[in-house]
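One structure is given here, and the rest of the page talks about it.
The values are calculated or read from the model by the stated rules, or taken from the named source; none is laboratory data. As the structure is a prediction and not an experimental result, all values here were calculated from the model. Because the Cβ atoms are built from the backbone with ideal geometry, glycine has one as well, and the counts that use them run over all protein chains shown. The area values use the complete protein model at the heavy-atom level, side chains included, leaving out ligands, DNA and RNA. Shrake-Rupley method; radii C 1.70, N 1.55, O 1.52, S 1.80 Å.
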Amino acid sequence: MVGMTGKRTTTAEQAEKAEKAEKADARDSAPPVPRGFGLTANGYGSLSRQFPSTPRGARLARRSVVRQLGHWGFGPMADATCAVALVVGELAANAVCHGRLRGRNFHVRVDYEGPASRFRIEVSDAVLGRTPEDPELPPDDQESGRGLFLVECLASRWGWEPRNPIGKTVWAEVTAALPQGARPA
């Protein structure tokens, strides 16, 4: 048989071309999988980023974490996503309000440990002098001061540690199993 190129092809070559075309069609019809964003085969995932020490940076941190959790299979309205977003938002807001040092960013790290069904959230800032205290509910007429109380309610454990060379890291662990239907990459 003579093809469009004017070159004679055999039946075996035609079958090979048809097979390649079928594979290409199958690849094209498969849903896209985000590369490098999913959980590992063992069910682990990690996000680590720096943000400016501003209120906008705190919002960006929360949004980035919610987006990453979506890549890991946690929907934006899942209980785990809402709990992690709230904890990240509160710790990031505290880093901006109480740990801000001119010219220094704050750092957010979120690890998902699938086998243990938990998130570990760490927010680091550049000021060691202002460390978190045991959370207490402020009077009803006070508008702020409930952040660490919320973190304590949502987290199974939380605490802080000095950060080398400067600053501190406030961490919290939130229990959350992988949602049904979601699976590691």
Practice prompt. Exactly one condition in (1) open to solvent by 30 Å² or more (accessible area, probe 1.4 Å); (2) touching a helix residue (DSSP H, G or I) at 6+ places or on another chain (Cβ under 8 Å); (3) under 13 Å from A172 (Cα atoms) is not met by R118; state its number.
Written response: (2)
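Only one of V96, V110 is surrounded by fewer than 23 Cβ atoms within 10 Å (Cβ to Cβ) and either part of a helix (DSSP H, G or I) or touching a residue at least 60 places away in the same chain (Cβ under 8 Å) (or both); which? Give the derivation first.
Details: V110 fails: surrounded by fewer than 23 Cβ atoms within 10 Å (Cβ to Cβ).
Going through V96, V110 in turn, the sole match is V96.
Residue by residue, here is whether (1) acidic (D, E); (2) closer than 19 Å to A41 by Cβ; (3) at pLDDT below 90 holds:
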site: G70; (1), (2), (3): no, no, no
site: F74; (1), (2), (3): no, yes, no
site: A85; (1), (2), (3): no, no, no
site: G89; (1), (2), (3): no, no, no
site: V96; (1), (2), (3): no, no, no
site: G99; (1), (2), (3): no, no, yes
site: V108; (1), (2), (3): no, no, no
site: Y112; (1), (2), (3): no, yes, no
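Restricting attention to segment 161-172, and to residues there that are open to solvent by 20 Å² or more (accessible area, probe 1.4 Å) and at pLDDT 90 or above, which single residue is nearest to the chain's Cα centre (by Cα)?
Only one residue fits best here, namely W171.
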Discussion item. Testing T175 on (1) under 15 Å from A93 (Cα atoms); (2) open to solvent by 60 Å² or more (accessible area, probe 1.4 Å); (3) modelled with pLDDT of 90 or more; (4) not small (G, A, S), one condition comes back false. Which one is that?
Written reply: (1)
Worksheet item: Just to be sure, is F74 part of a strand (DSSP E or B) and within 12 Å of the chain's Cα centre (by Cα)?
Response: no
Worksheet item: When segment 121-133 is examined, which residues are found to be open to solvent by less than 50 Å² (accessible area, probe 1.4 Å), among the acidic types (D, E) and modelled with pLDDT under 95?
Response: D125
